[in-house]
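What follows is a short report on a single structure.
The values are calculated or read from the model by the stated rules, or taken from the named source; none is laboratory data. Not measured: the values here are computed from a predicted model. For neighbour counting, all protein chains shown are included, and Cβ atoms are generated from backbone atoms with ideal geometry for every residue, glycine included. The protein model used for the area step is the full one, side chains on, heavy atoms only, and it has no ligands, DNA or RNA in it. Shrake-Rupley method; radii C 1.70, N 1.55, O 1.52, S 1.80 Å.
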Amino acid sequence: MLEHYRQGESDLLLRAGQWYLEATIDVPETPQNPQPQGFIGVGLGVVNIATTSTGHRHSGRRLNRTRRNDRTLRTRLQRKGTRSAKRRAKRHAGKEARRARDINHKSSKHIVAEAQRTGRGIALEDLGGIGERVRLKKPQRVTMNSWAFGQLHAFIAYKARRLGIPVVCVDPSYTSQECSRCHHIDQRNRPSQAVFACRSCGFVEHADLNASHVIGQRGWWVWVCGAESQVPVLTLIV
């Protein structure tokens, strides 16, 4: 990619004992698919970072344990307050950010590849005001607010644009309470965090998977109603 699409000059930098090459590349876009064969819904959550309507769950259990340990260490270093503790906290924060970025890259790559293979578009939840819409316990709020969901959205969007895959954002209201079969909405449809059981038609499914189906259906609906793909102008820095 550097050989064929590099633009302008490149910079060779030394950071923390490692060499990095920074370059700007102009990648040609694939024409957008005008007639996707449906939409893959992508639901976001605390236990599972991302769940697709094709049945793939990007689990966050192991990651959440690591991040709880990270928060404990960060709090201890902040209370200590020494110069060396501050330096260590800064290095650790950089490590956390790199870990989150790596996971978001891998998850977005898998989701986009699946959409390309099946000829479908991608439907994402609109993240605007998610903190006000979702009621969570305090430990879950910390996880929800600290995870880079916006970054995951951005990674999916630019990877999709490269391959001509349409991306739409839908209203996430009641996706966790709506039945993907009969579309009955009821708070009682969620007897537990992991289980969805419709009070109307009796449909039972993993809660995150059911929500992702609802998101995918909403994505298809807004697309046939004339919504345009919501991917940004493609600019990559590697």
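Quick notes on this one:
- Of the strands (runs of 3 or more DSSP E) lying entirely inside the stretch 1-60, not one carries at least 3 residues that are touching a Cys at 6+ places or on another chain (Cβ under 8 Å) and open to solvent by 80 Å² or more (accessible area, probe 1.4 Å).
- So ARG76, is it open to solvent by 70 Å² or more (accessible area, probe 1.4 Å) and modelled with pLDDT of 85 or more: no
- Across the stretch 94-121, the qualifying residues are those that are of a type in the set (D, E, K, R) and under 20 Å from THR54 (Cα atoms), and the one among them that is surrounded by the most Cβ atoms within 10 Å (Cβ to Cβ) is ARG120.
- Residue match in the stretch 122-129 (condition: modelled with pLDDT under 85 and exposed (fewer than 14 other Cβ atoms within 10 Å of the Cβ)): yes
- Restricting SER200, SER192, SER176, SER229 to residues that are at pLDDT 95 or above and in a loop (DSSP other than H, G, I, E, B) narrows the list to SER200.
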